[in-house]
1. Can you pull out the residues in region C:187-201 that are in contact with a strand residue (DSSP E or B) (Cβ under 9 Å, 6 or more places away or on another chain) and either of a type in the set (Ser, Thr, Tyr) or over 13 Å from C:ALA98 (Cα atoms) (or both)?
2. Under 7 Å between Cβ atoms, which residue pairs at least 6 apart in sequence (or on different chains) link something in region B:81-102 that is free of Cβ contacts under 8 Å to residues at least 24 places away in the same chain with a partner that is crowded, with 24+ Cβ neighbours inside 10 Å and of a type in the set (A, V, I, L, M, F, W, C)?
3. Check whether at least one residue in region A:17-38 is over 30 Å from A:GLU154 (Cα atoms) and in contact with a Pro (Cβ under 6 Å, 6 or more places away or on another chain), and report yes or no.
4. Hey, which of the helices (runs of 4 or more DSSP H) in region C:43-124, taking only ones fully inside, have at least 3 residues that are buried (at least 18 other Cβ atoms within 10 Å of the Cβ) and away from chain D (no Cβ under 14 Å)?
5. Does A:LYS4 meet the test of being within 12 Å of chain C (Cβ to nearest Cβ), of a type in the set (Lys, Arg) and either open to solvent by 10 Å² or more (accessible area, probe 1.4 Å) or outside any strand (DSSP E or B) (or both)?
6. Could you check, for region B:190-213, whether at least one of its residues is in contact (Cβ under 8 Å) with a residue 12 or more places away in the chain and either hydroxyl-bearing (Ser, Thr, Tyr) or touching a Lys or Arg at 6+ places or on another chain (Cβ under 6 Å) (or both)?
7. Since C:GLY221 meets every condition but one in (1) within 17 Å of the chain's Cα centre (by Cα); (2) at positive phi, which condition does it not meet?
8. Going by the structure shown, is B:VAL50 more than 19 Å from the chain's Cα centre (by Cα) and more than 14 Å from B:ALA180 (Cα to Cα)?
There are 4 protein chains.
Amino acid sequence: MLEKLKEEIYEANMLLPKYDLVTFTWGNVSGFDDETGYFVIKPSGVEYDVLKPEDMVVVDLEGNKIEGKYNPSSDTPTHVELYKAFPTMKGIVHTHSAWATSWAQAGRSIPCYGTTHADYMYGEIPCVRCLTKEEIEGAYEKNTGLLIAECFKEKDPEAVPAVLCKNHGVFTWGKDGKEAVHNAVVVEEVAKMAARCEMINPQVEPAPQALQDKHYFRKHGENAYYGQK
Amino acid sequence: MLEKLKEEIYEANMLLPKYDLVTFTWGNVSGFDDETGYFVIKPSGVEYDVLKPEDMVVVDLEGNKIEGKYNPSSDTPTHVELYKAFPTMKGIVHTHSAWATSWAQAGRSIPCYGTTHADYMYGEIPCVRCLTKEEIEGAYEKNTGLLIAECFKEKDPEAVPAVLCKNHGVFTWGKDGKEAVHNAVVVEEVAKMAARCEMINPQVEPAPQALQDKHYFRKHGENAYYGQK
Amino acid sequence: MLEKLKEEIYEANMLLPKYDLVTFTWGNVSGFDDETGYFVIKPSGVEYDVLKPEDMVVVDLEGNKIEGKYNPSSDTPTHVELYKAFPTMKGIVHTHSAWATSWAQAGRSIPCYGTTHADYMYGEIPCVRCLTKEEIEGAYEKNTGLLIAECFKEKDPEAVPAVLCKNHGVFTWGKDGKEAVHNAVVVEEVAKMAARCEMINPQVEPAPQALQDKHYFRKHGENAYYGQK
Amino acid sequence: MLEKLKEEIYEANMLLPKYDLVTFTWGNVSGFDDETGYFVIKPSGVEYDVLKPEDMVVVDLEGNKIEGKYNPSSDTPTHVELYKAFPTMKGIVHTHSAWATSWAQAGRSIPCYGTTHADYMYGEIPCVRCLTKEEIEGAYEKNTGLLIAECFKEKDPEAVPAVLCKNHGVFTWGKDGKEAVHNAVVVEEVAKMAARCEMINPQVEPAPQALQDKHYFRKHGENAYYGQK
C-alpha cells in the first residue's frame, strides 16, 4: 500500500546523507497521505546505505503500525502529534544536523540576520524549552510533539517551517517530504551563518523588519515574484 | 542570439556549485555584450543540475527581457544598475556564500589582513549599509544596485571587484563572468581567513600599506610580474 | 592465524580515513580474540592506502609480537593495558581526530549538552590528566593505558566508551573494532557540536539528567526500544 | 634536463590541491638537485589542472632560469635564499593554506599544544615579523627568504620544518618535495587544532616539555621507535 508515497519518502530520506544532514541513522523523514489518513516513515535504526523504498513503515494517526516489516522510527509519536495539530504539514523531517543542533544545545532561537533566512522563514526559528522531568519520563516522544504544537499555536507553521528542541535537535516540515528536507538544509545553512555572524560581530542585530518582509513576500503569497510562476 | 555568451555565462554559473558558493538556487552570474548592449543572465529559481545554456535569458539595460523562455533572475535590476554605472564591468556574480554572507550579516567590511586579499583586492571589501524602509519597499533590487554604485563613486571597481550588502550577501564582478566567479571564490576564502584571524588574535591590525601595495601591483598594472605575461 | 579477525580489523582501520578521522597514519584500531588471548592491531606507520589485511600484527597481552612482518603500532602497550583492565573491551581505536583532539589539547572533558551525546555516552567524556615527567620518560605508552584504566575504575567503560588524553588525542572502544570506530565517529561529532554550542552560548549548562537518562536507556539496557530489537 | 626531479616536483605540486592546501594557483613546490646545484619549481600562475611535468622550470642559485618555457614562480627568490642558507633543505613548499594563513595574518607563532604537533615539529612554529617598508619595496621575495633564514639561525630547520610569514602565508620544507608537502599538511592540521583548542579553553598552556620531547624523539633521531625502521 501507498507505494508511491513510500518511494517519495524513501527518496526524501536519502537526501539527508546527500546534503550531509545526518551521521549514521540520526534522522528521519515522513510523509502524510490525505486519502487514508496514514503516514509513511523511515524504519528505526536502519542504515541509509541499505535502506530500500519497501522498508518504509505505514503508521496511523494513533501511532499504530499499519504495514511494514520494521518498527517505525522511535520519533514516530512526535510525527503523529505534529500531523494531528497541523493539517497543512504533509512532510516532516527530524535531524541532528550539526549547526542547528549546536543552537538547540545552546538553547537559543536563531535570529533572522539576513535575507537567506528571510527568504524561507518569517522571523526567528524558535527553540522550545527542554521537557520537564515528568514529560521526559512519561510519553517522551509524544510530549515533544505536543510541546512543538503548543509553540506553534501562536505562530504560523507554514511561515516558520522549523523548530529547535532544546538539548536535542531540529524538526522541519513542508507540503511534502522533499520540501521538508529542503527546509532542513536551509536551517542548517542559516544556523551556520548566524553563529559565524555573531562571532564576527557580537553586537549584531536582527535584519530590519522591512527587509525580512520584502524577502519573505518576494517568494511567498500572492505577490511573490521569485522563480517562474 | 548571443549563443556564445549564453554558453560562457552558463559555464560561469555552473562554477558556483563547483566552488561550493551556492546552496540550491541562491546565486546567479550575468555577462554583458558590448555590441548589442544586452546582457545574459541565469533564469530565476532554476536548479543548477537541470540548467542548460539555452535557458539563459537576454535582457536590455532597462531590464526588459529580450529573449528567453524563463523569467530572468529576480536580482536582474541590480545587475542593470551596475552595468549602467560601470562600463568596465562585463560579468557580475551574486551569491550567499557562507563566510562572505556572515560578514554581510554582521554588517562589517572585510579588512585586508594579508597578501591573499591584497593579491586581488586593493584595500577593504566594503559592506554597504542596509537599504532604508522606503528603498526596500520601493524598487528594492534596483535600489540595491544604486547603493552599490554610490559606494563605488569614490572607489575603483576594478581595484575592489566585490561588495557586501548588509543583511544580504555578496556581489563580485570582472572582465567577464568567469573572472567575476574567480573573484567570488577569492572573497569567500578571504572572508573565512579574516574571521579566523580575528578569532586567533582579536587585536589584529590590517596588513601594512606597503605590503598591500606590493602584492596588488605585483599582479596588476604595468609593473605586474606575476604569471606568464 | 586469526585470519578472520585480521580481515575485520583491517576493515575497521579502513573506516578511519572513510570517516575522516585520520590524517596520514595518525590512528589505529585493534581487536581482541577471546580464544587465544591475543589481539590484532595495525602495523606502525604504514599508510592506509597500501594497508592490507595480512599486514595486521598479532600481539599477546604482554605486548610480544606473535605474528606479522611489521612492527605493531607504537601505541600497542596502551592497547595491552586496556584489554587487561577491561574484559568487556574487544575493540579499541586511537585517533587524533581534529575536534576531539582540540578538546584533549584544551584539557577539558566534553560535557553532555544534548541527546546526540546521551544516545551513546552516559555523562561527560572524561579528559585524563597529562602524564608526569616520570611517567612520560618511563614506559610512556603503557603508562597512558594505566592512567586510562585508573580513570575508569570509578566509571563503567561500557557506559562511557571513550576518553580524551590531555595534550594528545582520543581512545574509544566497543564490543569489536567496528563498534569502537562507530564510537570514535560519535565522539568527533559530539566534540564539534559541544565546542560550537559553547561559542553560541558561553553560559550553556549540560542537558538535564532526566533527558540524559531517557536517551541513554532508550538505546541501551533491557528497556531499550530504539532500532529493530 | 633533470627529468626525474621534474616528475617528482610535479607530483609534489599536485599533492597541494589533493590535500586542499591551495585555491587556484596560490602555492608552489620546488626541489633541489645536489649534483647540478639547480632546483626545479612550479611555473608562475599556471593552473593545477593543466600543469604537466615538463612545465616545471629549472633555476640556479642566483635565481636565473636555466631551462623551461615558462617563468618560474614569483616566489623563486625566496626559495633561492632558503636553499642557499640551509644545505639540508631539498624541497620547499609555499602555500596560503587557510588555517596556517589565519595564524600568519594574526601575527602569532603556533604554540605546541599536543603530540600531533610534537610528532613533527620541535617547539612552536615561528611567525616571522612583517618585512619593513624598505624590505618590501626592495627585493621583496628575496628579503622574505633572508628574514626566514635569520629566524632559523637560532633554530634547527630540520627540527622545525615550517615558518609563518606575517600577513602572508606559510613555508615548509623537508628532505624532498614530498616531505615538504607532508609538513605543509601537518602545519595546516596543527594550526586548525590550536585555534579550536584556544576557543575551547582560552587559558590553555603549551604541552609539557617532557611530552614534546617524548613524541619528537619517538619519531626522530637515533632512539626513534615509531614506524618500521
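1. Listed by number, the list holds a single entry, C:ALA194.
2. No pair meets every condition.
3. So far as region A:17-38 goes, no, none of its residues is over 30 Å from A:GLU154 (Cα atoms) and in contact with a Pro (Cβ under 6 Å, 6 or more places away or on another chain).
4. Values: elements: C:76-85, C:98-106, C:115-118.
In region C:43-124, C:76-85, C:115-118 are the helices (runs of 4 or more DSSP H) which contain 3 or more residues that are buried (at least 18 other Cβ atoms within 10 Å of the Cβ) and away from chain D (no Cβ under 14 Å).
5. no
6. No, every residue in region B:190-213 fails to be in contact (Cβ under 8 Å) with a residue 12 or more places away in the chain and either hydroxyl-bearing (Ser, Thr, Tyr) or touching a Lys or Arg at 6+ places or on another chain (Cβ under 6 Å) (or both).
7. So C:GLY221 meets the others, but not (1).
8. On the way: more than 19 Å from the chain's Cα centre (by Cα): yes; more than 14 Å from B:ALA180 (Cα to Cα): yes.
In short, yes.
The values are calculated or read from the model by the stated rules, or taken from the named source; none is laboratory data. Values in this document were obtained by computation on a predicted structure and should not be read as measured data. Please note: Cβ atoms are built from the backbone with ideal geometry, for glycine as well, and neighbour counts cover all protein chains shown. Accessible surface areas use protein heavy atoms only, side chains included; no ligands, DNA or RNA. Shrake-Rupley method; radii C 1.70, N 1.55, O 1.52, S 1.80 Å.
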